[in-house]
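Working notes, beginning with the structure itself.
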Amino acid sequence: MNSTTLAPRPVSEPAADGVTRVELRPRYEGSNICTWIGFKHVNYLVEEAVLDHLRQRGFAPGGLYERHGLCVDVVDIDSRITHAFHIDDVATAEVRPLPGEALAFAVEISVNGTPPIKAVSAKVRVELRLDPHGHPAEPAPAELAPYTVARLGQAPVKVSQPAAAGPAPDGDLLAALTAGRNAYAWKWRIPYFYCHFTERMQMSGYLRQMEEVVDLFLADRNVSIKRLLDEQDWIPVVPHSRITLLDEARMEEDLYTVFTVENVFKRLTYTSRMDCYVLRDGILVPTATGKITHGYAVIENRRDWSLVDFDDRLASALEGTPAAPSTRR
């Protein structure tokens, strides 16, 4: 998984109720527009906080794999961003175990300040995938044994409109996946650096996939990130995202990603769905599904921005009709 900081620093010892706290900094890589941190790297902070929680509880992911053959996999991450992160911010993350049968956590992240400002609320679910390869491993720690699985994504999950599976349609698969929908589809080979534990695509890979398919979709609709930056000083902002793994996608398989606009709300935000598939033996297998909500903001200076409503050009592009010239300059 992507490390979000070189040296996470626990704020205190784990509390009696299992709550842990850690200080983190966002990675420089995530500062793409001015000094703001994009949603993907905010989710990396969430992921790193959960990994550090496991370490503080005595279950370091490296040790679990090397000794017990257990692969720590984030299989569901649902994040709401309520305050912008900047590159030099110090974030304090609090991770609280959630009751129930799943290895699940609530994560709250605050940005440094007086008082600190709550910036992220997230829920994360983890599965411990047994690695059948290599030397015999020690049995799983008793506390973790109930959460071990032989394959990712097989537990029931609550996701709206589950991705469909079945025989692949004849002809152009990308065209078939978008037929009759306000959607964009993309075929992409999974490289090793989107994977972990030698064979599988990891959650951070799907976060990258979600970020890139949005970029490709907007370019396809003639409202690319750069075009709106150049012409209007507009940038997309993300208040909410969620990705859920439904099955395993393997290194060097072809991943088919479908990005569908589901709702444009009062020219303020739009919500889209991402569905990912692999093709195995003629069967289209869903491996992940997700949702992301975008608004748009105008850059006021190198630090500040403010939200704007969509103009005719952007609204038309998002709704799937021919894009009109911009009505704002």
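Values computed for the structure shown
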{"read-out": "Rel. contact order, % - alpha carbon contacts under 8 angstrom, at least six apart, the chain", "value": "15 percent"}
{"read-out": "Pairs from 123/266; 40/118; 40/226; 187/291; 40/123 whose Cα-Cα separation, in the structure shown, is over 22 Å", "value": "123/266"}
{"read-out": "Structure-based [θ]222 nm, the chain - -39500 (n - 2.57) summed over DSSP H runs of at least 4, per residue, nearest 500", "value": "-6000 deg cm²/dmol"}
{"read-out": "Modelled FRET efficiency - R0 51 Å, residue 112 with residue 321, Cβ distances, 0.05 increments", "value": "0.70"}
{"read-out": "Size-normalised alpha-carbon gyration radius of the stretch 94-246, reference 2.2 N^0.38 Å", "value": "1.35"}
{"read-out": "The stretch 159-263: relative contact order as a whole-number percent, Cα under 8 Å and 6+ apart", "value": "43 percent"}
{"read-out": "Spatial separation of Cα centroids for the stretch 134-151 and the stretch 21-62, in angstrom", "value": "26 Å"}
{"read-out": "Accessible surface ranking that places the most exposed of 197, 105, 265 first, with a 1.4 angstrom probe", "value": "265, 197, 105"}
{"read-out": "Ellipsoid semi-axes in whole angstrom, largest first, where each is sqrt(5λ) of the Cα gyration tensor of the stretch 17-141", "value": "29, 16, 12"}
{"read-out": "Accessible-area value, residue 94, 1.4 Å probe, nucleic acids and ligands omitted, Å²", "value": "50 Å²"}
{"read-out": "Total formal charge among the other residues, if their Cβ is under 13 angstrom from that of residue 191, Lys/Arg +1 and Asp/Glu -1", "value": "-1"}
{"read-out": "Theoretical gain in end-to-end length, residue 225 to residue 280 [0.36 nm per residue, Cα-Cα removed]", "value": "16.4 nm"}
{"read-out": "Viscosity 1.306 mPa s, temperature 10 °C, Stokes-Einstein D of the stretch 248-305 from Kirkwood C-alpha radius, µm²/s", "value": "114 µm²/s"}
{"read-out": "Rough spin-label spacing in nm, given labels placed 7 Å along Cα→Cβ, for residue 267 and residue 96", "value": "4.0 nm"}
{"read-out": "The stretch 231-329 - Debye-derived log10 I(q)/I(0), Cα point model, q = 0.21 Å⁻¹", "value": "-1.02"}
{"read-out": "Candidate residues 294, 133, 83: accessible-area rank, largest first, probe 1.4 Å", "value": "133, 83, 294"}
{"read-out": "Rg [Å, one decimal], Dmax [Å, integer] - the chain, C-alpha atoms", "value": "20.5, 65"}
{"read-out": "Distant-in-sequence amide H partners of residue 119 (H built 1.01 Å from N, under 5 Å)", "value": "109, 110, 111"}
{"read-out": "Using a Förster distance of 25 Å, the FRET efficiency for residue 80-residue 193 (Cβ separation, nearest 0.05)", "value": "0.30"}
{"read-out": "Of all accessible heavy-atom area on the chain, the percent that carbon and sulfur account for (1.4 Å)", "value": "52 percent"}
{"read-out": "Length-normalised contact order of the stretch 29-184 in % [C-alpha pairs under 8 Å, at least 6 apart]", "value": "21 percent"}
{"read-out": "Net charge dipole size for the chain [Lys, Arg +1 and Asp, Glu -1 on Cβ; Debye, nearest 20]", "value": "520 debye"}
{"read-out": "Ratio of Rg to Rh over the stretch 157-280 (Cα coordinates, Kirkwood Rh, two decimals)", "value": "0.97"}
{"read-out": "Local electrostatic count, residue 262, Cβ distance below 15 Å [Lys/Arg +1, Asp/Glu -1]", "value": "+3"}
{"read-out": "Charge tally in the Cβ shell below 12 Å around residue 108, where Lys, Arg are +1 and Asp, Glu are -1, residue 108 excluded", "value": "+4"}
{"read-out": "Equivalent ellipsoid dimensions for the stretch 55-127 as semi-axes, Å, which come from the Cα gyration tensor, largest first", "value": "27, 15, 11"}
{"read-out": "P(r) tail fraction, the stretch 187-229 - alpha-carbon pairs more than 15 Å apart, %", "value": "50 percent"}
{"read-out": "Exposure ranking of 65, 28, 184 by accessible area [1.4 Å probe, largest first]", "value": "28, 65, 184"}
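The values are calculated or read from the model by the stated rules, or taken from the named source; none is laboratory data. Quick caveat: nothing in here was measured; it's all calculated off a predicted structure. Every residue, glycine among them, receives a Cβ derived from its backbone with ideal geometry; neighbour counts consider all protein chains shown. Side chains included, ligands, DNA and RNA excluded: accessible areas come from the protein's heavy atoms. Shrake-Rupley method; radii C 1.70, N 1.55, O 1.52, S 1.80 Å.
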